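Undergrad: Here it is, the structure in full.
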Amino acid sequence: MISDENKVYKEMIQKGLDQRGEIGRVVREILTRTNLKNVFFVGCGGSLAVMTPCQYLFETFSTMPTYIYNAGEFVERKPIQFTKDSLLVVSSYSGKTPETVVAANLAKEIGAISIGFTGVADSPLGKAVDYVFANHANTGVTDSKIVVLYQILLNILKGTKSFDRYDDFVNAMDLLPEELVSVKLASVNAAEKFAKENKDEKYFMVLGAGACWGAAYSYAICILEEMQWIIAQPVHAGEYFHGPFEIVTENTNLLILKGEDDSRPVVQRAEDFSKKYSKKVTIIDSKDYELKEIPENLRGFFSPLVLSAVLDVFSQNIAREREHPLSTRRYMGVVEY
């Protein structure tokens, strides 16, 4: 039987999908208002990491330049490529991240159009952007973001070029609420085992690449460090052999996130090496989880969603084993910074 938490999770994914009509209307309006030249993805922490699969999707099908920036750096640098013909896609789940709100206001100053994703539309970010999409979620925040952001990008692709994959993508996405709940259920045993074996670990190296690099980055800094106070180093699998692998010993704890996009061989190389020299290697591979009826040639784009669903179960289990709630903070939202 599906748990109450998974029911809420399923509803949140569906809520994101249900915004498709409004997303299509907004994107059509944007494309009539501007001669779109490039897209900027801007955010912080998990809201920045979630932009990685979005950039991967867009760069696979479009020659239009895309850029990803931490919001603070974006505001200070004011990239010369960011003009009135740019689209700013900005995300802050709380809607209150100061530098992200400033980024949206910068777009207004130069006449660029902005789309914001936030939990609640009536937030500082929601008020600062031209168009806002809200999807408050008690669980599955990352997944609901990707669902909304993918639809925005698919509509841009549909409106700016001859894009014949739109229907394939949205038809597959409609299967996600059911499929991702099944993924979460299938990951329970692995998550429980991981939590029991690693509850006392003091350090993790988290590897990923391609569409799933953001998942590795955010799991290291947002879950293990922010929410569990465990030192964690996010390492791009392609950069692993240019420094980080030198500190690997048989006791180095490695968490390797493996998707089905074109970067898979890069991650495989890192996995092969790691298994030779460390006895503490955990692999989370999206390929191990069934996605019924979703075409094989689209699975790579949905790998970040699969990994996010699995990692959510891993997070809940390790927090429980360590008796350290995911909501506990020492500084964030507690002191001035």
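The values are calculated or read from the model by the stated rules, or taken from the named source; none is laboratory data. Keep in mind the model is a prediction, meaning the values are calculated, not measured. So basically every Cβ, Gly included, is an ideal-geometry build from the backbone, and we count neighbours across all protein chains shown. Just the protein is used for accessible areas: all its heavy atoms, side chains included, with ligands, DNA and RNA removed. Shrake-Rupley method; radii C 1.70, N 1.55, O 1.52, S 1.80 Å.
Undergrad: What are the residues in segment 258-280 that are farther than 10 Å from Leu207 by Cβ and of a type outside the set (Lys, Arg), if any?
TA: Scanning segment 258-280 gives Gly259, Glu260, Asp261, Asp262, Ser263, Pro265, Gln268, Asp272, Phe273, Tyr277, Ser278.
Undergrad: Among (1) over 27 Å from Asp288 (Cβ atoms); (2) in contact with a Pro (Cβ under 9 Å, 6 or more places away or on another chain); (3) surrounded by fewer than 24 Cβ atoms within 10 Å (Cβ to Cβ); (4) not polar (S, T, N, Q), there is one condition Ala172 misses while meeting the rest; what is its number?
TA: Looking at each condition in turn, Ala172 falls short on (1).
Undergrad: What's the number of the condition Asp262 fails, among (1) more than 25 Å from Met332 (Cβ to Cβ); (2) in contact with a strand residue (DSSP E or B) (Cβ under 9 Å, 6 or more places away or on another chain); (3) outside any strand (DSSP E or B); (4) not hydrophobic (A, V, I, L, M, F, W, C)?
TA: (2)
Undergrad: Taking the options Ala121, Ala137, name whichever one is open to solvent by less than 20 Å² (accessible area, probe 1.4 Å), more than 21 Å from Arg299 (Cβ to Cβ) and not in a strand (DSSP E or B).
TA: Of the residues listed, the single one that is open to solvent by less than 20 Å² (accessible area, probe 1.4 Å), more than 21 Å from Arg299 (Cβ to Cβ) and not in a strand (DSSP E or B) is Ala137.
Undergrad: With respect to Ile80, determine if the residue is within 20 Å of the chain's Cα centre (by Cα) and either at negative phi or open to solvent by less than 30 Å² (accessible area, probe 1.4 Å) (or both).
TA: No, not satisfied.
Undergrad: Out of all the residues in segment 302-311, is one or more closer than 27 Å to Val148 by Cβ, touching a residue at least 12 places away in the same chain (Cβ under 8 Å), open to solvent by 50 Å² or more (accessible area, probe 1.4 Å) and not basic (Lys, Arg)?
TA: Within segment 302-311, none of the residues are closer than 27 Å to Val148 by Cβ, touching a residue at least 12 places away in the same chain (Cβ under 8 Å), open to solvent by 50 Å² or more (accessible area, probe 1.4 Å) and not basic (Lys, Arg).
Undergrad: Within segment 284-337, work out how many residues are in a helix (DSSP H, G or I), over 16 Å from the mean Cα position of the chain (by Cα) and under 19 Å from Val170 (Cβ atoms).
TA: The number of residues fulfilling the criteria is 3.
Undergrad: Ser278 - would you say it is at pLDDT 95 or above, within 24 Å of Thr52 (Cβ to Cβ) and crowded, with 16+ Cβ neighbours inside 10 Å?
TA: no
Undergrad: On to the next question. Buried (at least 19 other Cβ atoms within 10 Å of the Cβ) and farther than 28 Å from Ile223 by Cβ: which single residue out of Leu87, Leu57, Leu48 fits that description?
TA: From the options Leu87, Leu57, Leu48, the qualifying one is Leu87.
Undergrad: Then there is this: Looking at segment 240-275, which of its residues are closer than 19 Å to Leu224 by Cβ and open to solvent by 80 Å² or more (accessible area, probe 1.4 Å)?
TA: Ile247, Asn251
Undergrad: Leu257 passes all but one of (1) assigned to a strand (DSSP E or B); (2) at pLDDT below 95; which number fails?
TA: Failed condition: (2).
Undergrad: Residues that are at pLDDT 95 or above and under 23 Å from Ser162 (Cα atoms): which helices (runs of 4 or more DSSP H) entirely in segment 1-104 hold 3 or more of them?
TA: 20-33, 51-61
Undergrad: Right, Ser86: touching a residue at least 24 places away in the same chain (Cβ under 8 Å) and not charged (D, E, K, R) or not?
TA: yes
Undergrad: Another one. How about segment 114-154: which of its residues are closer than 27 Å to Asp4 by Cβ and of a type in the set (Lys, Arg)?
TA: Hit for segment 114-154 is Lys145, nothing else.
Undergrad: Can you run down the residue pairs with Cβ atoms below 6 Å, 6 or more apart or on separate chains, where the first is in segment 101-122 and closer than 14 Å to Arg33 by Cβ and the partner is open to solvent by 10 Å² or more (accessible area, probe 1.4 Å) and modelled with pLDDT under 95?
TA: Close Cβ pairs satisfying both conditions: Ile113/Thr34.
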